[in-house]
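Let me begin by presenting the structure, written as structure tokens, before commenting on it.
Nothing in this text is a laboratory measurement; each read-out follows from the coordinates by a stated rule. What you see is a predicted model, and the numbers here were worked out from it, not measured in a lab. Ideal geometry is used to build each Cβ from the backbone, glycine not excepted, and the neighbour counts take in all protein chains shown.
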Amino acid sequence: MPFIITDPCIETKDSACVDVCPVDCIHPRKDEAEFAQATMLYIHPEECIDCGACVPACPVAAIYESVDATPSHQKDLVEANAIYRLGDADAMAKAEEIVQAHIASHPDIMAVPAAERQAAHARF
Ligand code: SF4
Ligand code: SF4
């Protein structure tokens, strides 16, 4: 079961997870053209080997260990992680669309500073 990046990555997007992932399954990387436009990063659900290395590397605890562990109000981002793996322009646009819809529909969560957002997930 893959690890999932959630909304504390938005506004952070520092790529610390990319640097420690042993199978290069987190995208877009800083050296990929899509990085500048992407609002957050995504984990390829089939390439992730569930090693857990990315979790302590993330400065804002944005990464959950499974779909089941991901809070219900973050489940839309499970889909964004999954869609992005297709890697074409349409998939990237659809993932970004999901993220923008998430931001628009969760002003309460997004009002919490990124560094405190994961801890706040339990309140929503
Ligand atoms: S759990 Fe391991 S393989 Fe999966 S995204 Fe994180 S670092 Fe990469
Ligand atoms: S380390 Fe965390 S905040 Fe940084 S890019 Fe990865 S998931 Fe996003």
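Across the chain, Cα pairs under 8 Å and at least six residues apart give a relative contact order of 32 percent.
Note on the chain: dipole from Cβ charges, positive end direction compared against Thr6, Ala122, Ala101; the farthest Cα belongs to Ala122.
Each Lys and Arg Cβ is given +1 and each Asp and Glu Cβ -1; about its Cα centre, the chain then shows a dipole of about 320 debye.
Per-residue Cβ neighbour counts within 10 Å put Lys13, Lys30 in the sequence Lys30, Lys13, beginning with the fewest. Separation of the stretch 52-124 and the stretch 21-42, taken as the distance between their Cα centroids, equals 14 angstrom.
Please report the orientation-averaged projected area of the stretch 23-124, defined via the convex hull of its C-alpha atoms, in nm².
Details: hull surface 25.9 nm².
For the stretch 23-124, averaging the hull's shadow over all directions gives 6.5 nm².
For the residues Pro71, Pro56, Pro107, a GNM of the chain with alpha-carbon springs under 10 Å puts the largest fluctuation on Pro107.
When Met92, Met40, Met110, Met1 are ordered from fewest to most other Cβ atoms inside 10 Å of their Cβ, what list results?
With the fewest neighbours first, Met92, Met40, Met110, Met1 line up as Met1, Met110, Met92, Met40.
Database note for the chain: Cys without another Cys beta carbon under 4.7 angstrom, Cys9, Cys21, Cys25, Cys48, Cys51, Cys58.
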